[in-house]
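The values are calculated or read from the model by the stated rules, or taken from the named source; none is laboratory data. Here the structure is a predicted model, which means the values were calculated and not measured. Ideal geometry is used to build each Cβ from the backbone, glycine not excepted, and the neighbour counts take in all protein chains shown.
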Amino acid sequence: MVDFLHFLLTVLIISSIGAALAMVLVLCEKYIVNYGPCKVTINKDKVLDIQGGSPLLTVLRDEKIFIPSACGGRGTCGVCKCTVKTGGGPVLPTETPFLTKEEQAADVRLSCQVKVRNDIDIEIPEELFNIREYVSTCIEIEELTYDMRRFRFELQDPPTINFTAGQFVQLLCPRYKGSSEEVYRAYSIASDPTQTHLIDLIIRLVPNGICTTWCFEYLKEGDSVKLNGPYGDFRLSETEAPMVFVAGGSGMAPFASILSQMRNIDSKRQVKYFFGGNTTKDLCMAEEMKAFANALEGFEFIPVVANPEEGSGWTGEIGLVTEAVQRMYPDLSKHEGYLCGSPDMIDAAIKVFTDLGMPEENVYYDKFA
């Protein structure tokens with residue numbers, strides 16, 4: 001027993017020393033190491049003269065060149081990809097889970113993980129130069145559930161934005177008590193794409209989340225807020241195939257926008273929208289979904305509750321949202337699937353769709369990192 005305690009104490013001491021050394025290295029690189037002036041060459045013709053030491057994603061953002069990033073640069077989403085021709089150093093272990101062998105062979109990197117330490121030569125899609133930063137005013141905050149709110153922003157400069165239903169923007173969360181640095185977070189646009197002066201975001205509170213804490217505890221109506229975008233390829237296809245939508249929580253956002261688009265063009269496509277919640281308290285926007293059902297002859301909204309509260313009087317679908325899809329459809333070989341939510345939910349839904357015959361290329365999704 002004594003030997004075992006000595007072993008645990010030794011492990012604890014070594015771990016503490018390792019953690020302390022790692023912290024020292026981080027602090028030294030941040031405050032002591034000076035990489036000096038560096039050049040970032042973009043697409044062979046645009047050159048940025050910058051001070052080395054920051055992640056490439058941050059360097060580009062400071063120059064108002066916005067690479068899409070769903071996680072705000074934490075290295076957890078794998079979205080902020082660009083091609084680094086020279087000067088990026090070796091691919092890091094934090095990047096490899098998000099890069100295929102083909103991407104690595106083609107010099108694709110995660111821009112949030114590439115630190116600019118010397119001159120660097122990169123390539124990015126030309127359309128990213130059209131991404132804009134928008135100054136807006138928060139004009140309305142609406143409680144949708146106990147942990148979810150809709151924030152409406154009116155654009156000031158520039159005063160309008162053109163986006164496709166299903167796309168997202170990045171919200172700048174400023175410094176506040178409890179957060180010492182500015183961070184960006186990605187949120188799907190929930191508003192009607194014809195209302196080009198407005199951006200609606202549906203945000204769910206994440207315990208200890210930097211940006212969601214600011215949104216719920218500090219952001220007030222009348223505050224000035226910066227956004228940039230639009231980003232993303234999640235959108236309706238141009239076919240007439242019947243569709244299955246699946247979402248939960250703030251995954252409601254892009255579908256609210258897509259349904260607005262369908263209403264605007266008087267779409268006749270058939271769609272069943274399965275929206276899942278753990279309890280009835282997680283359901284939201286029932287009246288708006290009813291309005292869409294009245295306007296769209298092919299639309300049906302199907303809320304699904306995993307664990308209805310005793311005495312709630314719930315008479316609708318019960319269980320996992322994917323189980324409700326299985327009960328409703330014996331065959332999905334002629335359908336398209338649209339998913340928005342957590343990676344686990346999306347992976348589970350893709351399996352259900354494909355098991356029911358849906359070709360995987362007919363599944364479109366927006367994963368929340």
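In the range 99-127, what residues are of a type in the set (A, V, I, L, M), surrounded by 16 or more Cβ atoms within 10 Å (Cβ to Cβ) and out of contact with any Lys or Arg (no Cβ under 7 Å at 6 or more places or on another chain)? Lay out the reasoning, then the answer.
Filtering the range 99-127 for residues of a type in the set (A, V, I, L, M) gives 99, 105-106, 108, 110, 114, 116, 120, 122, 124.
Those left that are additionally surrounded by 16 or more Cβ atoms within 10 Å (Cβ to Cβ): 99, 108, 110, 114, 116, 120, 122, 124.
Correct list: 99, 114, 116, 120, 124.
Given the structure, is residue 194 of a type in the set (S, T, N, Q), surrounded by fewer than 18 Cβ atoms within 10 Å (Cβ to Cβ) and either in contact with a strand residue (DSSP E or B) (Cβ under 8 Å, 6 or more places away or on another chain) or modelled with pLDDT of 95 or more (or both)? Here the answer is yes, as residue 194 does meet what is asked. Counting only strands (runs of 3 or more DSSP E) that sit wholly inside the range 267-347, those with at least 3 residues that are of a type outside the set (A, V, I, L, M, F, W, C) are 271-277, 336-341.
Residues are listed down the side, and each one gets a yes or a no for (1) touching a strand residue (DSSP E or B) at 6+ places or on another chain (Cβ under 7 Å); (2) surrounded by fewer than 15 Cβ atoms within 10 Å (Cβ to Cβ); (3) among the β-branched types (Val, Ile, Thr):
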site	(1), (2), (3)
316	yes, yes, no
321	yes, no, yes
343	yes, yes, no
351	no, yes, no
355	no, yes, no
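Taking every residue in the range 321-338 that is touching a residue at least 60 places away in the same chain (Cβ under 8 Å) and pairing it with any residue that is of a type in the set (S, T, N, Q), at least 6 positions away or on another chain, the pairs with Cβ-Cβ distances below 8 Å are 335/362; 336/237; 336/239; 336/362; 337/362. Screening 184, 134 for residues that are closer than 22 Å to residue 62 by Cα, surrounded by 19 or more Cβ atoms within 10 Å (Cβ to Cβ) and at pLDDT 95 or above leaves exactly one candidate, 134.
Whenever a residue of the range 87-113 is in contact (Cβ under 8 Å) with a residue 60 or more places away in the chain and closer than 22 Å to residue 65 by Cα, it has no partner that is surrounded by 14 or more Cβ atoms within 10 Å (Cβ to Cβ) and among the acidic types (Asp, Glu) lying with C-beta atoms less than 9 angstrom away and at least six residues away or across chains.
Would you point out which residue out of 154, 221, 133, 217 is without any contact (Cβ under 8 Å) to a residue 24 or more places away in the chain and of a type in the set (D, E, K, R)?
Only one candidate passes the filter, namely 217.
Residues of the range 257-266 that are assigned to a helix (DSSP H, G or I) and either of a type outside the set (Gly, Ala, Ser) or over 21 Å from the mean Cα position of the chain (by Cα) (or both): 258, 259, 261, 262, 263, 264.
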